Amino acid sequence: MSIPSPRGEREKLITALTPQLRRHLKIRAFEHGMDIQDAAEHAIKAWYTADKLPEVDTTGARTWGTFLPVGEPDAFKNACNERGVTYVQGLAQALTLWLEAHPSPSAPLTEQPVIRVIVANQKGGVGKTFISSGIAQALAEAGHRVLIVDYDPQGHLTAELGFEDLMYEDDVETLLMHMDGTAKGDIHDLLVALDHERFGERLHLLPASDDAFLRDVALSKVSFSEAALERALEPLENDYDIIIIDGPPSLGLNMDTALYYVRRRDGELSDRSGVITPVWANKASHRAFRLLRSQMEDLCRKGRITVDYLGLVINAYDSRRGRLVKENRDQWERSSSPAVLAVIGDLKEGREAADGEIPLLEYAPDSEHAQAMRDLAKELAV
């Protein structure tokens, strides 16, 4: 099956790639101002004529796909067969050679917009707050300036980070007021900092507020409501490298404004801002994902915008729960778009940190949970 593209008809090559190699490709393509698909296409063309091909460790490779010119997926597979290598090894060799031939440039690229990510799934209990908070902490720990926005009316993120009292303060402005145009003050005044030394004053929270449950109704009265969150957060963007939205548990206007905010802006490279969806290895998560994706596609079609899907995170996975759990995990991992970024076990540290209102990386910095957050953060830190 081919698809129309500004670069001509394209066909999909589906194979597998290790998370490390995918991450390096994403970063290097960004550094050279290229789309990931273009980088992969150039890499494969160069591989056809290359000698002394490296043997690349492909342990842990996961399903990955890219669009190539019509006929190129078959040509690549035929070349792999002639060389006696698997498609996974052939692609790994091609990308490794391309990375060697394209080192990080010394001159910086033209400035890109602030990275904007929503951790979204309207299904409750899949770990949106855990993932968004953990990634934000890991990014700040690594030296990035991070704003995390509690966009869930339930305010779990705000409470779990120890700021629950802020949700019920009287006579203070709220994010909703900055979205509907009734605020008089500066949105910077709403922010609070996580003062742990680990984060170096680089991690800030925009807390939830108790009027957030009215957001869908209020936004229905706002002109061009899809852009309401962008208008509210715009004054903050120059202060941060990455803004992470802990998404709402619904598919209303609330979600549309967040999806619109993370759309690919003019001049922004693909797969830089966008959506990460936590899921469980069960059928309910598959149904919820289809609903969310349908809403995204509808918004993109009607708004003539592009929202990039950055990936899925299988959360709270425990193979001991039976055959169907493993089959559902396998089904997620066969998806090449969006790809599975991580599989996180059903571990205790995340729950304990939340119950103690302590950031995970402060509570259990050496835990498997914390390391998973650091690995996910590397996916975004480009």
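Observations on the model:
- Under 19 Å from LYS283, Cα to Cα: lysines that are on another chain or at least 8 residues apart: LYS123, LYS128, LYS326
- Each part gets one Cα centre, and for segment 297-319 versus segment 144-211 those centres are 25 Å apart.
- Summed over all non-identical Cα pairs, the Kirkwood treatment of segment 151-276 gives a radius of 15.4 Å.
- Considered as an equivalent ellipsoid built on the Cα gyration tensor, segment 208-314 has semi-axes of 21, 18, 15 Å, the largest given first.
- Helix 36-48 and the longest principal axis of the Cα set of the chain meet at an angle near 20°.
- For segment 241-377, average projected area of the Cα convex hull in nm²: 9.5
- Viscosity 0.890 mPa s, temperature 25 °C, Stokes-Einstein D of segment 69-199 from Kirkwood C-alpha radius, µm²/s: 124
- Around LEU214: net Lys/Arg minus Asp/Glu count, Cβ-Cβ under 13 Å: -2
- Choice from PRO248, PRO365, PRO54 with maximal GNM fluctuation in the chain (Cα, 10 Å cutoff): PRO54
- Heavy-atom surface analysis with a 1.4 Å probe gives the chain a carbon and sulfur content of 48 percent of its accessible area.
- Antiparallel bridges, percent of DSSP beta bridges restricted to the chain (to nearest 5): 30
- Residues of the chain: accessible area per residue with a 1.4 Å probe, Å²: 46
- Here segment 6-141 is treated as a Stokes sphere of Kirkwood radius computed over C-alpha pairs; at 4 °C and 1.567 mPa s its diffusion coefficient rounds to 76 µm²/s.
- Calculated [222 nm] ellipticity per residue, helices only, for the chain: -12000 deg cm²/dmol; basis is -39500 (n - 2.57) per DSSP H run with n ≥ 4, divided by all residues, nearest 500.
- Residue among GLU141, GLU100, GLU41 with the largest mean-square fluctuation in a Gaussian network model of the chain, springs linking Cα atoms under 10 Å: GLU100
- Segment 120-234 - charge dipole about Cα centre, Lys and Arg +1 at Cβ, Asp and Glu -1, debye rounded to 20: 560
- Angle in degrees between helix 87-101 and the longest Cα principal axis of the chain, rounded to the nearest 10: 80
- For segment 232-382, the Cβ-based charge dipole about the Cα centre amounts to some 1040 debye (Lys, Arg positive; Asp, Glu negative; other atoms uncharged).
- Note on the chain: with a GNM built from Cα contacts shorter than 10 Å, the maximum mean-square fluctuation among GLY155, GLY247, GLY71 falls on GLY71.
- Taking every C-alpha pair closer than 8 Å and separated by at least 6 residues, the mean separation divided by the residue count of the chain gives a relative contact order of 20 percent.
- The chain - convex hull of alpha carbons, volume per residue in Å³: 151
- Net charge, ALA29 excluded, C-beta distance under 10 Å - Lys, Arg +1, Asp, Glu -1: -2
- Estimated D of segment 198-267 in µm² per second, where Rh is the Kirkwood radius over Cα pairs and Stokes-Einstein applies at 25 °C, 0.890 mPa s: 181
- Working value for segment 290-362: equivalent-ellipsoid semi-axes of 29, 20, 10 Å, each the square root of 5 times a Cα gyration tensor eigenvalue, largest first.
- Using alpha-carbon coordinates, inclination of helix 128-141 to the longest axis of the chain, degrees: 80
- 5 angstrom amide H check on ILE344, placed H, neighbours 5+ away: ILE314, ASN315, ALA316, TYR317
- Dipole axis of the chain (+1 Lys, Arg; -1 Asp, Glu on Cβ), positive-most option in ILE187, PHE224, LEU17: LEU17
The values are calculated or read from the model by the stated rules, or taken from the named source; none is laboratory data. Computed from a predicted model, the values in this text were never measured in an experiment. For neighbour counting, all protein chains shown are included, and Cβ atoms are generated from backbone atoms with ideal geometry for every residue, glycine included. Accessible surface is based on the protein model in full, side chains and every heavy atom, while ligands, DNA and RNA are left aside. Shrake-Rupley method; radii C 1.70, N 1.55, O 1.52, S 1.80 Å.
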